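A short worksheet on the structure shown next.
Just so you know, all these numbers are worked out from the coordinates, no wet-lab data involved. Given the structure is predicted, the values throughout are model-derived calculations rather than measurements. With ideal geometry, Cβ positions are generated from the backbone for all residues, glycine too; neighbour counts draw on all protein chains shown.
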Amino acid sequence: MSSNITYSPLQVVDPKHWSNLTQESHIAWLGGKTHQYIVNDRVEKIFELNNGADNLVSFINRLPSVELEDESPYRWKLLGADEWNVPLSKASLTVGGSQITSTDFAGIGFTAFYIWFPERYFEDPTHIVGENPEGTQLRILEPPVEDGGLYRYRVQIFGNDPEAFASSDELAAGTRWKDLFAQTEQTLSDKGNGVHHSSAFELENIPSMIRKNYDVPGNMIGAKNPPLAMTISNGSKTEVQWINKLEYDFFTQFRRDISRVQMYGKSNKLSNGEYAHKGQSGYTLRSGFGLIEQMESGNVEYFNTFSLDALTSIAMQLSFGRISEDKREFLVSTGEWGKSEIHKALAQRAAQITYLQSGHNFKQGGKELDEGQITTYTFINGIKFHVIVDPMKDDPVLNTIPYKEGLASSYSMDIWNVGETNGQSNIERVKIKNCPEIYVVVPGIRNPFTPGGTGMSPMQVASMKDGYSCGKAWWGGVRIKNVKKTARFLPRVLMHQ
């Protein structure tokens, strides 16, 4: 199919697009036998579409890896907090009384009253507090009693003010209460409070498998095809044979496929544990979560206009209580337009700091201004950003939703904490033991791989097809150990897309 795209007035031939088998008719269609070509010119791509894939694969390949024994689902555990807060169900002055109101002055004069919780989390003689840890402190006087599906506690205000009481707002249903400690008498105390336990979260993913293959007819082997002549190996070698160009496309596109399945792969596992699809063989097709789908269960924020304050606020939410201050380094992956937005915001922030205002960016006697694009930003509380461009976000074939001057994807920002979680990298490659990327060839009657086949010297082939087939297969994936340490900051136009 012709592209029907006018790139330049110099253009005399439209680029052609086709898939799968390449035959002599394709070469004729390209005008291979009618024109002279300057075969030592390097062919330049209008869009460097592979760079996005190369960028992502290079980034992922620098990450530590975890090796699985086989292709079955794998699990890992995350240990949450060993304490939590509990919502209050109701509060009353007596066992059978009604909900406390503003006229009840609950607990005044150190009198006891009653509160109910949906679970037996607290034990006597614990001190507990509500929404404000500096507010009213209650001491549990005796073991809880099960009462109508709830647990009833007899409590007393703790302190030195006999006029103090718990307000109806503090004791409202739904307020959340916490365990502080169990303070006891100094002489012959009987017991303290109990220990809270929490089991780990278990998460599951499965490696994905992808394949790519191509066929070459026997009559295409060795044919010189001037329309496809190009220099593809650092300018050192000119290729005029279709099969060399085909192999180049095959390796490049398979590399791109690997990066895309790791980034955009979607799980097809249903809630009942089964998988939604079957392959052409009739057997189950199992697909794991890619990076983006894993991040969607983390933190996703949207913007109409980019704000540096909003970006730093996201990093603060990811950090506090989760990441120690000396490990708060974030990688922000964005497109060219997103990087420009961040640079402009940082440059504006820097312009407001008087001691940074100088003429050091002017060159050639003030005739040239060199802004020096800002790619690293250190914020307060140990938070540091490193900005990288992922050209996949600028790929006009993969992404088509417009936004402002460019593509919406180019403004999108993926925020990754690539530090450690419990001593392990938060983002890891997943590989299968003894199962590397595989490259195979199925030789037919005519193929460039198998010697012999002339006179009385037969050659061995795997197919009676006149030609040969090549293929690649890859197994693996990417795991985000703790998705709550990642975030996405996206243009609002991408919401619900």
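Compared with the alpha-carbon gap, the fully stretched path from residue 219 to residue 163 is longer by 10.1 nm at 0.36 nm per residue. Here the spin labels are modelled as points 7 Å beyond Cα on the Cα-Cβ line, and at residue 433 and residue 320 they lie 4.4 nm apart.
Given R₀ = 35 Å, what would the calculated FRET efficiency be for residue 196 paired with residue 271, taking r from the Cβ atoms and rounding to 0.05? Efficiency, rounded to the nearest 0.05: 0.70. Peptide packing: for 248-261, 156-169, the average count of neighbouring Cβ atoms within 10 Å per residue gives the ranking 248-261, 156-169, highest mean first. Computing FRET efficiency as 1/(1 + (r/R0)^6) for residue 251 and residue 450, where r is the C-beta to C-beta distance and R0 is 25 Å, gives about 0.70.
Here the simple spin-label model places points 7 Å from the Cα toward Cβ, and for residue 119 and residue 466 these points are separated by 7.4 nm.
For the stretch 86-181, rounded, prolate or oblate, judged on the Cα gyration tensor with a ≥ b ≥ c (square roots of eigenvalues), a/c < 1.5 rounded, else prolate if a/b > b/c? Cα axes put the stretch 86-181 in the rounded bin. For residue 398, the amide hydrogen comes within under 5 Å of no other amide hydrogen, counting only partners 5 or more places away or on other chains and with H modelled in the peptide plane.
Pairs with C-alpha atoms separated by more than 23 Å, drawn from the list 339/384; 266/384; 266/485; 77/384; 212/245, are 266/384; 77/384. This ranking places 84, 474 by how few other beta-carbon atoms lie within 10 Å of each, fewest first, which gives 84, 474. Model label sites at residue 375 and residue 388, defined 7 Å from Cα along the beta-carbon direction, differ in position by 1.0 nm.
With neighbour counts taken as other beta-carbon atoms within 10 Å, the residues 111, 334, 450, 136 rank, fewest first, as 111, 450, 136, 334.
Shown for 459, 209: other C-beta atoms within 10 Å of each C-beta, ranked fewest to most, produce the order 459, 209.
Extension gain for residue 204 to residue 349 (0.36 nm times residue separation, less C-alpha to C-alpha distance): 47.9 nm.
The HN-Hα couplings worked out from phi for the stretch 402-415 by the Karplus form 6.51 cos²θ - 1.76 cosθ + 1.60 (θ = phi - 60°) are x, 7, 6, 7, x, 9, 4, 4, 5, 8, 6, 10, 9, 10 Hz, whole numbers, x standing for Gly and Pro. For residue 108 and residue 147, a Förster radius of 41 Å and the Cβ-Cβ distance give a FRET efficiency of 0.95, rounded to the nearest 0.05.
Per-residue 3J(HN,Hα) values for the stretch 134-148, derived from phi via the Karplus relation 6.51 cos²θ - 1.76 cosθ + 1.60 with θ = phi - 60°, read 9, x, 4, 10, 10, 10, 7, 8, 7, x, x, 10, 5, 8, x Hz in sequence order (x marks Gly and Pro). Rounded to the nearest 20 debye, the dipole size of the stretch 86-181 about its Cα centre is 180 debye, using +1 on the Cβ of Lys and Arg and -1 on the Cβ of Asp and Glu.
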